[in-house]
Amino acid sequence: MNTQVLQARAGKTTEAMRVVARKEKRDIEFIRERVTSGKIVIPANVNHKSLDPVGIGRELLTKINANIGNSTLSSCPKQELEKLKTALKYGADTVMDLSTGGDINSIRRSLLAACPTPVGTVPVYEMVARAGIEKLDRKLILDVIREQAEQ
């Protein structure tokens, strides 16, 4: 596994670390050392091809997170992309997809393709949307987490 923290602990400096150092106006060693210790995280899923990495940690600039997502009452992929564009326009550094209805996977794929910031999810929302709270089981939980991570 090639996570940022594992690479930092192996003494390697990744391109994501370099990007964060430039954005934060910090020395690359400052970033790498704090990634190594867990004081800075760089959410950088290798499957997020349009990602522009950001660093999150107490000694870095404050980050703005935007929560978006459809619901069981309203599910429009076009509206979700508009919400994303608005969040990015006004400075969101990260985005959480809190979708609970409609074609969640398809909407998330379109958000990831259009979003340069890290995108987080809440897997339990999708699990409940798929099966209901009473029918959650180990297989579904692991399947949803894996599918979301692969996206």
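The values are calculated or read from the model by the stated rules, or taken from the named source; none is laboratory data. Quick caveat: nothing in here was measured; it's all calculated off a predicted structure. So basically every Cβ, Gly included, is an ideal-geometry build from the backbone, and we count neighbours across all protein chains shown. The protein model used for the area step is the full one, side chains on, heavy atoms only, and it has no ligands, DNA or RNA in it. Shrake-Rupley method; radii C 1.70, N 1.55, O 1.52, S 1.80 Å.
Taking the protein heavy atoms of the chain in the context of the full set of protein chains, the accessible area attributed to carbon and sulfur is 55 percent at 1.4 Å. Cα convex hull, the chain: 117 Å³ per residue, rounded to a whole number. SER50 sits among other residues whose Cβ lies under 14 Å from its own Cβ, and their net charge, with Lys and Arg +1 and Asp and Glu -1, is +3. Relative contact order of the chain, taken over Cα pairs closer than 8 Å and 6 or more residues apart, is 19 percent. The heavy atoms of THR3 present about 40 square angstrom of accessible area, all protein chains included, probe 1.4 Å. Excluding ligands, DNA and RNA, the accessible surface per residue across the chain is 59 Å² with a 1.4 Å probe. Summing charges over all other residues whose Cβ lies under 9 Å from the Cβ of LEU112, with Lys and Arg as +1 and Asp and Glu as -1, gives +2. Each Cα pair under 8 Å and six or more residues apart adds its separation to the average, and for segment 1-68 the resulting relative contact order is 30 percent.
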